[in-house]
1. Helix-only mean residue ellipticity at 222 nm, the chain, DSSP H runs n ≥ 4 weighted -39,500 (n - 2.57), per residue, nearest 500. What is it?
2. How far, in nm, would the chain grow between residue 184 and residue 301 when pulled straight, counting 0.36 nm per residue and subtracting the alpha carbon separation?
3. Which shape class applies to segment 93-180: rounded if a/c is under 1.5, otherwise prolate when a/b exceeds b/c and oblate if not, where a ≥ b ≥ c are the square roots of the Cα gyration tensor eigenvalues?
4. 7 Å from Cα along Cα→Cβ at both residue 349 and residue 63: what's the point-to-point distance in nm?
5. Which value in Å does the Kirkwood hydrodynamic radius of the chain take, with 1/r averaged over all unlike C-alpha pairs and then inverted?
6. Any idea what diffusion coefficient segment 190-269 gets from Stokes-Einstein, in µm²/s, Kirkwood Rh on alpha carbon pairs, 25 °C, 0.890 mPa s?
7. Short version: ³J(HN,Hα) in whole Hz for each residue of segment 23-29, in order, from phi by Karplus 6.51 cos²θ - 1.76 cosθ + 1.60 (θ = phi - 60°), x for Gly and Pro, what are they?
8. Over all alpha-carbon pairs in segment 267-425, figure out the percentage whose distance exceeds 27 Å.
Amino acid sequence: MKNTVVVGAQWGDEGKAKITDLLAEYADVIIRYQGGCNAGHTVVANNETYKFHLVPSGVLYKNKFCFIGAGTVIHPETFLKETQELIERGVDLSSLKISPLASITLPYHIDIDGISENNSGKNKIGTTKKGIGPTYSDKIGRYGLKVQDLYDEELLNERLDAVLPLKNKILEKVYGTKTYSKTEMIEYCKKYAEIFRPYICEDWVYKLSETLKQDKKVLFEGAQGIMLDIDYGTYPFVTSSNPIAGGAATGSGIGPTHIENVIGVTKAYVTRVGKGPFITELTDKTGELIRNIGGEFGTTTGRPRRCGWFDAVLSRYCVLVGGLTQMAITKIDVFNDFDELKVCNAYKDKRNGKIYKDYPTNINLHKYLEPVYETFKGWKQDISNAKSTDDLPENAVKYLKRLEELVGIPIKIVSVGPDREQTIILENPFK
Ligand code: GDP
Ligand code: IMO
Ligand code: MG
C-alpha cells in the first residue's frame with residue numbers, strides 16, 4: 001500500500017498541482033477529494049501551462065482513472081468550460097469520472113457568495129466568490145443538490161420546491177437582487193445533467209475498492225491548504241471544506257486505513273490570498289520582492305498574494321493536524337538572488353514576552369504575536385536547473401536541512417521551478 005495524499009500545508013497555492021502531476025505518472029488513480037472551483041492548480045509540462053479548477057491535476061497522463069470525489073462541489077459552467085478547453089488542447093478525458101454524490105454549485109450560490117462578501121465590510125473573508133461557502137452550507141443544511149439528483153425530475157421538482165422559495169426570499173428581500181424561477185432552474189439542471197452524463201461513475205465505491213484490492217496506487221489531490229481547513233484553519237478566515245488529509249478519506253469514499261503517505265506541500269516562504277491572520281507576513285519591500293519574483297498572483301482570481309517568511313511554527317502544527325509524513329518544498333528558486341533569508345521558529349507575545357513554540361489556534365491572540373526569526377545566508381546562484389541535491393549550493397542545502405529540523409519531518413521533494421522537469425525527487429512515495 002503506497003496510497004498518498006498531496007495536501008497544501010499553508011494557506012493554499014503551495015504548488016500542489018505541480019507535485020500531483022509529477023507523482024501521477026506513478027499512480028493508477030488520482031482523486032480530487034474536496035473544494036470546488038475556488039482551487040486554481042497550475043501544471044507546467046511539455047512547454048504548456050494548464051490551470052485546473054475542478055479536474056484532477058493527473059489528467060495529463062493517459063489512462064489514469066481521474067476522479068472528482070463526493071466531497072467536492074461542482075460548478076457546472078466551470079466544469080463545462082474547463083473540460084471543453086482541455087479537449088480542445090488534445091487532453092484525453094475518457095478516464096475522467098465524477099461521483100454522483102458530489103454537490104452542485106447553483107447560480108444562486110455564486111450570487112449569495114458575491115453579494116454577501118461585498119456587503120460584509122470589515123468582516124469580509126476575501127472569498128473567491130465561487131459560491132463555495134453557500135454550496136457547502138446547503139450541503140450540510142441538507143438543502144443542496146447532488147449530481148445524481150439532476151436525473152430524477154420528480155425529485156428535482158420536490159427539492160427545488162423546498163429550497164428555491166427560501167433562496168429567492170433571501171435574494172430579493174435581503175440582497176435586493178434577481179431571483180430564479182423554477183422553470184429556469186429545471187432547464188439549467190437538465191442541461192448540465194446531459195453535460196455530466198458521460199463522466200458519472202455510479203459504481204465508484206466498488207471500482208475504487210477493486211483498485212485497492214489489486215494493490216493499485218491511489219494519489220489524492222488536496223485543494224486549498226491545512227490552514228484554510230474549516231475545522232483546523234484560521235476560522236472564520238477559511239474555506240468551507242476539509243483540505244486536511246482526513247478529508248481525503250471522507251471526500252473520496254476510501255477509508256483512512258488505505259492511506260500511507262501524506263505529503264505536505266510547502267513553499268520555501270508563505271503566502272495567503274484573502275483576509276485573516278498571517279504572523280510572518282511582510283508588508284515591506286521584501287514581501288513585494290517575493291511576490292514579484294514568485295509571481296504571487298492568484299490562479300483563480302488574479303489577486304496579489306500576501307507574502308512572508310517560512311513559518312516553522314505553522315508547519316509543525318500542519319504536521320500534527322494533517323498527519324504529514326513528509327514535505328515537498330516548492331519555489332526555493334525564488335530566493336536565488338536573496339542576500340539573506342529568515343525562518344520563524346517561535347512567536348513572541350508583544351505584551352509580556354511570552355514565547356510560543358506551538359501554534360495558538362485562538363486567532364484572537366495573533367495580533368499580539370510577532371515572529372522570532374533565525375537568519376540564513378542566501379546562495380546567490382541560479383538553482384532552477386538543479387537535478388539533485390549535489391547541484392545545490394551549500395547554503396541552499398543548509399536552509400533545507402534546517403527546515404527539516406525545525407518542522408520535524410523529512411523533505412522528500414524539492415521543486416526548483418514551475419516545470420515538471422524542475423524537480424529534485426529524493427524519494428518517490430510510489431517506488
Ligand atoms: P496550487 O494551488 O497549490 O496547485 O498552486 P498554484 O498553481 O495556485 O500556484 C503555484 C504557482 O507556482 C504556479 O504558478 C506554479 O506554476 C508555480 N510553481 C510551482 N512550483 C514552483 C517552483 O518550484 N518554482 C517556481 N518558481 N514556481 C513554481
Ligand atoms: P488552491 O487549491 C488559496 C481562500 C480564499 C479565501 C478563503 C475562503 O489553488 O490552493 P472560498 O472561496 O473558498 O470560500 O474562500 O480561502 N482560498 C484559497 N486560497 N488557494 C486556494 O486554492 C484557495 N481556495 C480558497 O482566498 O481567503
Ligand atoms: Mg492555487
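1. On the way: 11 runs with 129 residues, N = 431.
Per the formula, -9000 deg cm²/dmol.
2. Details: separation 117, 0.36 × 117 = 42.12 nm, distance 2.80 nm.
That pair, residue 184 and residue 301, stretches by 39.3 nm at full extension.
3. Working: a/c = 2.56, a/b = 1.38, b/c = 1.85.
In terms of gyration-tensor shape, oblate.
4. About 6.1 nm separates the two model spin labels.
5. 22.3 Å is the Kirkwood radius here.
6. Translational D for this selection: 165 µm²/s.
7. 7, 4, 4, 9, 9, 9, 10
8. Values: 2872 of 12561 pairs.
The calculated P(r) of segment 267-425 puts 23 percent of pairs beyond 27 Å.
Each reported figure results from applying straightforward, stated rules to the coordinates on display, with no laboratory input. These figures come from a predicted structure and were not determined experimentally. Positions of Cβ are generated from backbone atoms using ideal geometry, with glycine treated the same way; all protein chains shown enter the neighbour counts.
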